[in-house]
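Chemist: Quick one: the structure is below, and I'll ask about it shortly.
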Amino acid sequence: MSEEVFRSPKKRGRVAVLLSGRGSNFMALHDAVLKGWVNADIDLVLSNKEDAAGLRAARDRGLDTLFLNPKLFPSKEDYDREIVNELRRKETDLVCLAGYMKVLTPFFCREFKNRIMNIHPALLPSFPGLHVQQRAVDWGVRFSGATVHFVAEEVDMGPIVLQAAVPVMQDDTEDTLAARILVEEHKIYPEAVRLFFEGRLEVRGRRVFIK
Ligand code: GRF
């Protein structure tokens, strides 16, 4: 059986960022775009939270923003269909989840297969899900970190693009560990998007090869 291979495009890309909160990863990505490190434009910043600080920041930066209220849609899939329509209108090449606190429906995952990335504040597949910095402290692991991965239907389990590790100190709290990890998040997310639009990511099964 021949294995399905996806190669990322080499082009100036159109990126949509989905977020629900403060938006520091969005800002790191946008800063990298402004500096010319990433060959892409952020054409849309979309949120399920009207008061997300990240949405305000995007507006202040002069970007197109959109708040879509999930309560106005009869089902999760209807909500995601509206987002997908919006992304198609924008001719989005890559969707970057950046603290987007909604699980994508299988429909959305399929429509944008290999074209949705997420940043997760742990070394996957350890600590998927929520409150992962606290869980890493409680578990007593010596290292944690950040993972950029493609989004697949199983939450936090898609093919891994980049990871960065940080030590976990004995006196760490959730907050001190989160801060140490966040520094790395802001490096590897722009780097992953840069590699994507340099046409250097090849997805084979669950492995991502960097060319
Ligand atoms: C980050 O820790 C990210 O890894 C997780 O949600 C948080 C979002 O932070 N998915 P920010 O909104 O980008 O500052």
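Chemist: Where the convex hull is taken over the Cα atoms of region 12-112, what is its projected area averaged over directions, in nm²?
Modeler: 5.9 nm²
Chemist: Report relative contact order for the chain in percent, whole number only (criteria: Cα-Cα under 8 Å, sequence separation at least 6).
Modeler: 25 percent.
Chemist: Rg and Dmax of region 91-203 over Cα atoms: what are they, in angstrom?
Modeler: Calculated on Cα positions, Rg and Dmax stand at 14.3, 47 Å.
Chemist: Report the number of Lys pairs in region 1-122 whose alpha-carbons are under 14 Å apart, with separation of 8 or more residues or on distinct chains.
Modeler: Going through region 1-122 pair by pair, I get 4.
Chemist: Roughly how many whole Å is it from the C-alpha centroid of region 103-131 to that of region 146-184?
Modeler: Cα centres, region 103-131 to region 146-184: 13 Å.
Chemist: Something else about it: In the chain, if every C-alpha pair distance is counted and binned at 5 Å from zero, what percent goes to each bin?
Modeler: In order of increasing distance, the bins hold 1, 7, 15, 19, 20, 17, 11, 6, 2, 0, 0 percent.
Chemist: Among residues other than Asp138 whose Cβ falls under 15 Å from its Cβ, what is the net charge (Lys/Arg +1, Asp/Glu -1)?
Modeler: Summing Lys/Arg as +1 and Asp/Glu as -1 gives -2.
Chemist: Take His120, His131 and order them by how many other Cβ atoms sit within 10 Å, fewest up front.
Modeler: Least crowded to most crowded, the residues run His131, His120.
Chemist: Could you point to the residue in Gln134, Leu201, Tyr189 farthest towards the positive end of region 118-211's charge dipole, with +1 and -1 charges on the Cβ of Lys/Arg and Asp/Glu respectively?
Modeler: Leu201
Chemist: How much FRET efficiency would the formula 1/(1 + (r/R0)^6) give for Phe107 and His131, where r is the Cβ-Cβ distance and R0 is 22 Å, rounded to 0.05?
Modeler: That gives a FRET efficiency of 0.20.
Chemist: Given +1 on the Cβ of Lys and Arg, -1 on the Cβ of Asp and Glu, and no further charges, what dipole in debye does region 12-112 carry about its Cα centre, rounded to the nearest 20?
Modeler: Computed charge dipole of region 12-112: roughly 140 debye.
Chemist: Treating only the Cβ of Lys, Arg, Asp and Glu as charged (+1, +1, -1, -1), what charge dipole size does the chain show about its Cα centre? Round to the nearest 20 debye.
Modeler: I would put it at about 680 debye.
Chemist: Now for a separate question. Just from its helices, what would the mean residue ellipticity at 222 nm be for the chain, if runs of 4 or more DSSP H residues each count -39500 (n - 2.57) and the sum is divided by every residue, rounded to the nearest 500 deg cm²/dmol?
Modeler: -10500 deg cm²/dmol
Chemist: A further question follows. FRET efficiency for Ala179 and Glu50, Cβ-Cβ distance as r, R0 = 35 Å, nearest 0.05?
Modeler: Calculated value: 0.85.
Chemist: Could you please rank Phe127, Phe67, placing first whichever residue has the fewest other Cβ atoms within 10 Å of its Cβ?
Modeler: Phe67, Phe127
Chemist: Cut-off 13 Å, label point 7 angstrom out along Cα-to-Cβ of Gln163: give me the residues of region 104-139 whose amide nitrogen falls inside.
Modeler: The answer is 120-128.
Chemist: Just add up the charged neighbours of Arg14: K/R +1, D/E -1, any other residue whose Cβ is under 10 Å from the Cβ of Arg14.
Modeler: Once positives and negatives cancel, what remains is -1.
No lab work stands behind these numbers, since they all come straight from the coordinates. Keep in mind that what you see is a predicted model, and the values were worked out from it rather than measured. No Cβ is skipped: glycine too gets one built from the backbone with ideal geometry, and neighbour counts run over all protein chains shown.
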